[in-house]
């Protein structure tokens, strides 16, 4: 699965679920919960979170797509 396909699945996915995944990834990376707007110092953590979400979607997307098409 390409990154573009993973991004497409991300846009289809339930936004609340994505937000929760992002918060979990962010906390694992920084040791803190995201609060309010992200600061410039959070930029690398945000990129790391996005990369991890794409990795997760590459694993779970094959199971999600058939369900969405039924």
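Which count do you get for residues in region 55-70 that are at pLDDT 75 or above and touching a helix residue (DSSP H, G or I) at 6+ places or on another chain (Cβ under 9 Å)?
Taking region 55-70 and keeping what is at pLDDT 75 or above, we get 55-60.
Retained after the next criterion (residues that are touching a helix residue (DSSP H, G or I) at 6+ places or on another chain (Cβ under 9 Å)): 55-58, 60.
Qualifying residue count for the region: 5.
Which one is farthest from residue 57 (Cα to Cα), of the residues in region 1-20 that are at pLDDT below 75 and outside any helix (DSSP H, G or I)?
Checked region 1-20; the qualifying residue farthest from residue 57 (Cα to Cα) is 14.
Being modelled with pLDDT of 75 or more, touching a helix residue (DSSP H, G or I) at 6+ places or on another chain (Cβ under 6 Å) and either surrounded by 14 or more Cβ atoms within 10 Å (Cβ to Cβ) or part of a helix (DSSP H, G or I) (or both) is true for just one of 23, 52. Which residue is that?
The conditions single out 52.
So in region 26-49, with the set limited to residues that are at pLDDT 65 or above and in a loop (DSSP other than H, G, I, E, B), which one is surrounded by the most Cβ atoms within 10 Å (Cβ to Cβ)?
Filtering region 26-49 for residues that are at pLDDT 65 or above and in a loop (DSSP other than H, G, I, E, B), the one surrounded by the most Cβ atoms within 10 Å (Cβ to Cβ) comes out as 34.
The values are calculated or read from the model by the stated rules, or taken from the named source; none is laboratory data. All figures in this text were calculated on a predicted structure; none of them were measured in a lab. Cβ sites come from the backbone with ideal geometry, for glycine too, and all protein chains shown count toward neighbours.
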